[in-house]
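The structure appears right after this line, and notes come after that.
Each reported figure results from applying straightforward, stated rules to the coordinates on display, with no laboratory input. Just so you know, these numbers come straight off a predicted model, no measurement behind them. With ideal geometry, Cβ positions are generated from the backbone for all residues, glycine too; neighbour counts draw on all protein chains shown.
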Amino acid sequence: MKYPKIRELAEAIKALIKGPYTSGFPREPHVPHPNFRGQPKFDATQCVGCLACEEVCPVEAIAHRDCLEDKANPKRIMIHYTDTCIFCGRCEEACINDHLGIRLSGDWELSFFERKDAYETIEKDLQLCEICGDVIACKDHLLWLSERLGELTYSSPTLYLPRLRDLGIVDENLVAPVKDDHRSDRVKILCARCRRETTLTTK
Ligand code: SF4
Ligand code: SF4
């Protein structure tokens, strides 16, 4: 008869007292190690929609779509493709908002019935040029910039008007939405091209 070795016997006794080494998943929920690198997740309250994470992602797992059909309520959709992501953490590292806009999570459950459903999105409000209607940036991104620039914000209406509107000091409808070829055009939220044109051509 073959007897178990001492080590195996000790392991068996330990398992009897402490329970098995393997987890009870799927009977019990699996709790990953604190250092586990799960899929990154956007935080809509922290993300300012700057697209830095999209720029640095090595596998193009982050994308965006600007929805301009509703001119009164333009949106930027930030998309994270969970089936493409390799959990490298470059997006979190590059996030301009103190690495809080997108963060690696402990989420490891990545199974999908349909691959086309393997993505997550958040929405951000867009700011359009008040003359030509081109996309300038997300509203939160302009506010983020003005917070960091401090008093220098007041050198550009494109930065200080969103700030004053956010504070409720200036009304949304105070500025005429049409181009009037006068100095008042300069006190609008403008893209770089319209800012240059209004500065050079208005009297
Ligand atoms: S973790 Fe890496 S691969 Fe995944 S979205 Fe971020 S940068 Fe892209
Ligand atoms: S704020 Fe961060 S998460 Fe949001 S778009 Fe910019 S880099 Fe990406």
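May I ask for the distance between the Cα centers of region 69-103 and region 1-52, given as a whole number of Å?
Here the two parts' Cα centres lie 29 Å apart.
How many nm is it between the label spots at Arg148 and Val170, if each spot is 7 Å from the Cα in line with the beta carbon?
Result for the modelled spin labels: 2.1 nm.
So between Val31 and His99, what do we pick up on full extension, going 0.36 nm a residue minus the alpha carbon distance?
Length gained between Val31 and His99: 22.1 nm.
As an exercise, use a Förster radius of 22 Å and the Cβ-Cβ distance of Lys116 and His64 to find the FRET efficiency, rounded to the nearest 0.05.
The formula returns an efficiency of 0.75 here.
Going by average Cβ neighbours within 10 Å, how do the peptides 21-30, 61-70 rank, with the highest at the top?
For the peptides 21-30, 61-70, the packing ranking is 61-70, 21-30.
Give me the one-decimal nm value for the distance between modelled label points at Glu197 and Tyr21, 7 Å along each residue's Cα-to-Cβ direction.
7.1 nm
Using a cut-off of 18 Å between alpha-carbon atoms, which lysines can reach Lys5, once sequence neighbours fewer than 8 places away in the same chain are excluded?
Within reach: Lys14.
Find the relative contact order for region 36-127 and round it to a whole percent, using C-alpha pairs within less than 8 Å whose residues are 6+ positions apart.
Result for region 36-127 is 42 percent.
Can you show me the helix-derived [θ] at 222 nm for the chain, built from DSSP H runs with n ≥ 4 at -39,500 (n - 2.57) apiece and divided by the number of residues, rounded to the nearest 500. Each step should come with its number before you reach the end.
Numbers: 6 runs with 55 residues, N = 203.
After summing the helix terms and dividing by the residues of the chain, the value is -7500 deg cm²/dmol.
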